[in-house]
Structure formats: structure tokens, C-alpha cells
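Novice: Sharing a structure with you now.
The values are calculated or read from the model by the stated rules, or taken from the named source; none is laboratory data. Keep in mind that this is a model prediction, so the values were computed, not measured. Note that each Cβ is placed from the backbone with ideal geometry, even for glycine, and that neighbours are counted across all protein chains shown.
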Amino acid sequence: MSTNAPRPPQRAPRKAAARQGRSRAREFALQALYQHLVGGNDAAAIDAFTRDLTGFHKADAAHYDALLHGCIANAAALDALITPLLDRKLAEISPIERATMWIGVYEFQHCPDVPWRVVLNECIELAKEFGGTDGHKYVNAVLNSLAPQLRAAEVAADKA
């Protein structure tokens, strides 16, 4: 990766005990997807770079792989689900919020072992930690609107 490539957003570290492997995987996937969206960098180069970051060894590498490669491979389909729920053009959405929504939609579709509320809460936390001031509210609104469509039975059971 070139030295001129955009750097992933940085944040203050949370307590190690509060961070689970999948949560860490989502954080690293978000940083990698940010590099993809902003720099247009190749998934393989981003992956190699990200795996060398401090703390990656504590992440769930399989979940990270699924998120990074799955989101990039399915970007058009993810955007197609997200776009109708936006109040502005997709290009006007911050790369952090867009990547966070990609992670949420991807997990709704491909990770049935992760409860929909966990997906929603994890994505809200990512947007709070890495995104703009109220970006988490936007992520929440979009993902909360998609959950009944993508996880119909689970959402209905929760609301019953």
C-alpha cells in the first residue's frame, strides 16, 4: 500500500476486557473498508496491511475475513438495500457510516448466528466510536429499517 493512502480513523483504546473477538473484527473490518471506500485500495493489500496492525491477533480473524471480503464483493447489493432508506445521495454519506451500514447489512444477511439486536448495537457503537457526531443515529435508523426485511422471523419474535 502506498504511503499516500488514507489512514484508517484512529480512536482511543477501550479496556481489553470489554472487547470481544468479533467486536475487534468489526473494528478492523471498518478500518479496512474505510481504506477501500476512500482510497479505492485493493482488498488484498488492505487485508495484508490490516493484519499487521497492533491488536489484530485478538480479533476473530474468520469474522474479519467474512466482513471485509464479503462487503467488498457484495458492495453493489449492499448499497442497493441501503440507498432507498437514505435522505441524501449515497456519495454524501460519510465513508465511516457507509462502511458501518455495509457491516450491519452483511451480518444481517450472512451471519444468522449473530442476533439482529447484537448486529444493530455493535454497528451503533462503531459509528459512535469512529463516525461523526450524530452518525450513529443515521446508522441506527437505516439498519433498524432493514432488520425486519432481512431478519423477519427474528425481529417478529422479538416484538411478540
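Novice: Residue by residue through segment 109-122, note down the ones that are of a type outside the set (D, E, K, R), part of a helix (DSSP H, G or I) and under 11 Å from GLU154 (Cα atoms).
Specialist: TRP116
Novice: Sticking with this structure for a sec: Any residue that is modelled with pLDDT under 95, of a type in the set (Gly, Ala, Ser) and closer than 24 Å to LYS137 by Cα - is there at least one of those in segment 53-62?
Specialist: No; the residues of segment 53-62 include none that is modelled with pLDDT under 95, of a type in the set (Gly, Ala, Ser) and closer than 24 Å to LYS137 by Cα.
Novice: Only one of (1) farther than 23 Å from ALA44 by Cβ; (2) in contact with a Lys or Arg (Cβ under 9 Å, 6 or more places away or on another chain); (3) not aliphatic (A, V, I, L, M) is not met by ASN121, so which one is it?
Specialist: (2)
Novice: Can you tell me which residue in segment 78-110 is nearest to PHE130 (Cα to Cα), limited to those that are within 14 Å of the chain's Cα centre (by Cα) and touching a residue at least 60 places away in the same chain (Cβ under 8 Å)?
Specialist: ILE96
Novice: Then there's this: Quick one: ASP134 ticks every box in (1) touching a residue at least 24 places away in the same chain (Cβ under 8 Å); (2) loosely packed, with under 15 Cβ neighbours inside 10 Å bar one, so which box is it?
Specialist: Only one criterion is unmet by ASP134, namely (1).
Novice: Please enumerate the residues belonging to segment 149-160 that are over 20 Å from the mean Cα position of the chain (by Cα) and either small (Gly, Ala, Ser) or more than 15 Å from VAL118 (Cβ to Cβ) (or both).
Specialist: ALA152, ALA153, ALA156, ALA157, LYS159, ALA160, listed by residue number.
Novice: Evaluate the following for ILE103: is it under 22 Å from ASP158 (Cβ atoms), surrounded by 15 or more Cβ atoms within 10 Å (Cβ to Cβ) and β-branched (Val, Ile, Thr)?
Specialist: Criteria met by ILE103.
Novice: A further question on this structure: Go through (1) under 16 Å from VAL38 (Cα atoms); (2) touching a residue at least 40 places away in the same chain (Cβ under 8 Å); (3) among the aliphatic types (A, V, I, L, M) for ALA75 and report which single condition fails.
Specialist: Of the numbered conditions (1) under 16 Å from VAL38 (Cα atoms); (2) touching a residue at least 40 places away in the same chain (Cβ under 8 Å); (3) among the aliphatic types (A, V, I, L, M), the odd one out for ALA75 is (2).
Novice: I need the full set of residues from segment 123-148 which are at pLDDT below 95 and either over 15 Å from the mean Cα position of the chain (by Cα) or assigned to a loop (DSSP other than H, G, I, E, B) (or both), in order please.
Specialist: Result: GLY131, GLY132, THR133, ASP134.
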